[in-house]
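Beneath this line is the structure, given in structure tokens, with notes to follow.
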Amino acid sequence: MVPSSPSLTANWNYPTRMHLGAGRIQEIAAICTEHGMSRPLVVTDTGAASLPFTAQIMELLTEAGLKAGLYSNVPSNPTDASITEGTDLYRDGDYDGVIALGGGSGLDAGKAIALLAGQGRPLADFEDVGDNWLRADANRIAPVIAVPTTAGTGSEVGRASVITFTATHEKKIIFHPKMMPVAVISDPVLTVGLPAHLTAATGVDAFTHCFEAFCAPSYHPMADGIALEGMRLIKDWLPVAYREGTNVTARTHMLTAASMGATAFQKGLGAVHALSHPVGAVYNAHHGLTNAIFLPYVMQENRPLIAAKMERLAAYLDLGQNGFNEVLDWVLAFRESLGIPHDAKS
């Protein structure tokens, strides 16, 4: 007898409170109220601002009597200038919380605005270097509700934001433990309109997060387990989401895998991200796409260091018994099937 599939609706409290399932965006006003928000500022990027889900969220908040505002002047790679502008709007509007909406850009911008709004220092003072995070007044960091609309960065379960500083063309990580959203609404219906090429790029971004976390040399078997299962979900379900954009089951599994990747990479990342961040900062390239392009090259370079782990990964993904070669061949074929170019010139 074939076992019945579990319901793809769940409430999780790891690593923060997560509301997963189709249609759960309807709960957004109640979740705001639960966390003391009566005047939330919705932060999203310029592209997402014009999509139906943004209007739907604003309507749900207004109907519930919440005095919500909208800030959407966030580029695809959030800049320090956009964070400053959004922070000024937050302060002037006397808002009491942030709804970070969108892909990585909207989520990272929303978290950074929530951090900066209550501080008297510039954003760069909170770069993730040493104990800089101790400079922040933790009691003045606004609560964040994260609503991902892509399945890639996993920023909805992260304690940091990646921000481009335009004067130097550098991407810097802004960090504080309280930047972790107090709640996440992972509603796969919000992702069904994502074009196939962005579904692919963001999905391989999530895979890269899992892969690099698994390969990181530090000891963290909990992260390893999450990363392995995240890669399996992406292997099984990203092709379905790519081919069948309205498949809510595939979209649900991909949202889950994206959050798993960002949970796992608290263990660490690697050279793929070390290459992608400067390329994104200088050329304004899509982060997920650059990760997808660089991944097999970094794998080959790191082969002597990751070969043993590739044997475990190949076995878990049911790729065969040849370890590294099986995984690399699969990654190359997987990228090709998703329309990912082989090099940055393509």
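The values are calculated or read from the model by the stated rules, or taken from the named source; none is laboratory data. From a predicted model like this one, the values you see are computed outputs, not experimental measurements. In this analysis, Cβ positions are derived from the backbone assuming ideal geometry, glycine residues included, and neighbour counts consider all displayed protein chains. With ligands, DNA and RNA removed, areas are computed over all heavy atoms of the protein, side chains included. Shrake-Rupley method; radii C 1.70, N 1.55, O 1.52, S 1.80 Å.
See the values below:
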item: Exclusive hit being more than 23 Å from Ser76 (Cβ to Cβ) and at pLDDT 95 or above, set Ala258, Ala314; result: Ala314
item: Test for Val192: is it more than 21 Å from Lys267 (Cβ to Cβ), among the β-branched types (Val, Ile, Thr) and at pLDDT 95 or above; result: yes
item: Failed condition for Val331, given (1) modelled with pLDDT under 90; (2) in contact with a Pro (Cβ under 8 Å, 6 or more places away or on another chain); result: (1)
item: Of all residues making up the range 161-175, the number that are of a type in the set (A, V, I, L, M, F, W, C) and touching a His at 6+ places or on another chain (Cβ under 8 Å); result: 1
item: Subset of the range 142-170 [of a type in the set (D, E, K, R) and open to solvent by 40 Å² or more (accessible area, probe 1.4 Å)]; result: Arg159, Glu170
item: Among residues of the range 180-189, those that are under 17 Å from Gly158 (Cβ atoms) and surrounded by fewer than 24 Cβ atoms within 10 Å (Cβ to Cβ), counted; result: 3
item: Hits in the range 304-334 (condition: open to solvent by 20 Å² or more (accessible area, probe 1.4 Å) and at positive phi); result: Asp318, Gly320
item: Residue check, Ala112 of a type in the set (A, V, I, L, M) and under 25 Å from Ser259 (Cβ atoms); result: yes
item: Residue list for the range 139-162, filter: outside any loop (DSSP other than H, G, I, E, B) and of a type in the set (Val, Ile, Thr); result: Val144, Ile145, Val147, Val157, Val162
item: Scope the range 116-130; condition aliphatic (A, V, I, L, M), without any contact (Cβ under 8 Å) to a residue 40 or more places away in the chain and under 16 Å from Lys171 (Cα atoms); matching residues; result: Val129
item: Filter result for Gly118 (over 27 Å from Gly47 (Cβ atoms), open to solvent by less than 70 Å² (accessible area, probe 1.4 Å) and not hydroxyl-bearing (Ser, Thr, Tyr)); result: yes
item: Those residues of the range 121-141 which are touching a strand residue (DSSP E or B) at 6+ places or on another chain (Cβ under 7 Å) and either among the charged types (D, E, K, R) or crowded, with 23+ Cβ neighbours inside 10 Å (or both), in sequence order; result: Phe126, Glu127, Asp128
item: Test result for Gly106, at pLDDT 95 or above, within 20 Å of the chain's Cα centre (by Cα) and under 28 Å from Leu194 (Cα atoms); result: yes
